[in-house]
Structure formats: C-alpha cells, structure tokens
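Contents: one structure, followed by commentary.
What follows draws every value from the coordinates through simple rules; no lab data is involved. Because the structure is predicted, anything quoted here is derived from the model rather than measured. Every residue, glycine as well, gets a Cβ built from its backbone with ideal geometry; the counts of neighbours run over all protein chains shown.
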Amino acid sequence: MEWQKVSREQFQSILDEEVAALTPEAVRILEVHAAPIFEQLCFRNEDYGMEKVFVVTRAGNRVLFFDDVEEEFGVGVPDSDGVLRDLGTFGPLVAAVLALDDRTD
C-alpha cells in the first residue's frame with residue numbers, strides 16, 4: 001500500500017481520538033502549552049526530502065508534532081533555519097505529551 005499524506009481533516013480526527021484518551025494530567029500539560037495547529041517543515045532524510053508535519057503545540061523551542069509516515073506523535077526542536085530534523089517520535093499522543101513536559105525548562 002502506497003503512503004499518502006494525512007489531510008488536515010484526517011489529522012483532526014486522529015487528534016480528537018488521542019485527546020479523548022488522555023489522562024487528566026496529560027490534558028493539563030497539553031492545555032498549558034496550547035497553540036493553534038500548524039504545519040512545520042521537516043527533513044527526514046535524502047530519500048524523503050523536505051516534508052511537513054502537523055504541530056499540535058509548542059513549549060519554548062520544542063514542538064509536539066504528528067509524523068504521518070510513522071503514524072506517531074513526537075517532540076523535536078527545529079534547527080536555526082526553522083526545519084525539524086530530529087524527529088523523535090514516541091507513539092501515542094500521551095507519550096509525546098509526557099515527553100514534552102519532561103523537557104520543559
């Protein structure tokens with residue numbers, strides 16, 4: 001089966017399901033760092049080239065994003081040129097939210 005980019009509507013559905021499954025503590029963390037969803041440039045490797053991921057929220061210079069290739073949420077820091085190159089994926093939203101909180105200054 002060939003990969004296809006997740007649409008904004010598909011992503012919103014995925015996010016809604018994931019948020020509904022969060023613990024109260026994870027919801028609190030997500031709310032503290034709330035930001036409008038936006039697309040972030042990312043570079044996985046030479047084979048894939050430049051792509052975009054959906055960012056759910058940010059904490060300082062870190063972003064919590066959805067990697068639709070791996071179908072996982074993760075936390076990363078865009079480089080000085082604004083491109084996310086370290087796609088640290090964690091799995092479900094709750095894992096990424098807790099990782100975001102662990103890295104908060």
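Can you find, among PHE65, LEU22, PRO36, the residue farthest towards the positive end of the dipole of the chain? Put +1 on the C-beta of Lys and Arg, -1 on that of Asp and Glu.
Most positive-ward Cα: PRO36.
Using a 10 Å Cβ count of at most 14 others and DSSP loop calls, identify the longest part of the chain lacking such trypsin sites (Lys or Arg not before Pro).
6-84
Once you place label points 7 Å from the Cα toward the Cβ at ALA34 and GLU9, how far apart are they in nm?
Taking the two extended label points, one gets 2.6 nm.
Run the paramagnetic zone check for ASP86: 7 angstrom along Cα to Cβ, then residues of the stretch 27-47 with backbone nitrogen under 20 Å.
Inside the label zone: 40-46.
Normalising by the residue count of the chain, find the relative contact order in percent from Cα pairs under 8 Å and 6+ residues apart.
23 percent.
Note the listed values [x] 38, 17, 13; [y] 28, 17, 11; [z] 21, 17, 11, then indicate which one is semi-axes √(5λ) of the Cα gyration tensor in Å calculated from this particular structure.
Computed from the coordinates, semi-axes √(5λ) of the Cα gyration tensor in Å corresponds to [z].
May I ask you to compute the full-extension gain from ASN45 to ASP79, defined as 0.36 nm times their residue separation minus their alpha-carbon distance, rounded to one decimal in nm?
Contour length minus the Cα-Cα distance gives 10.8 nm.
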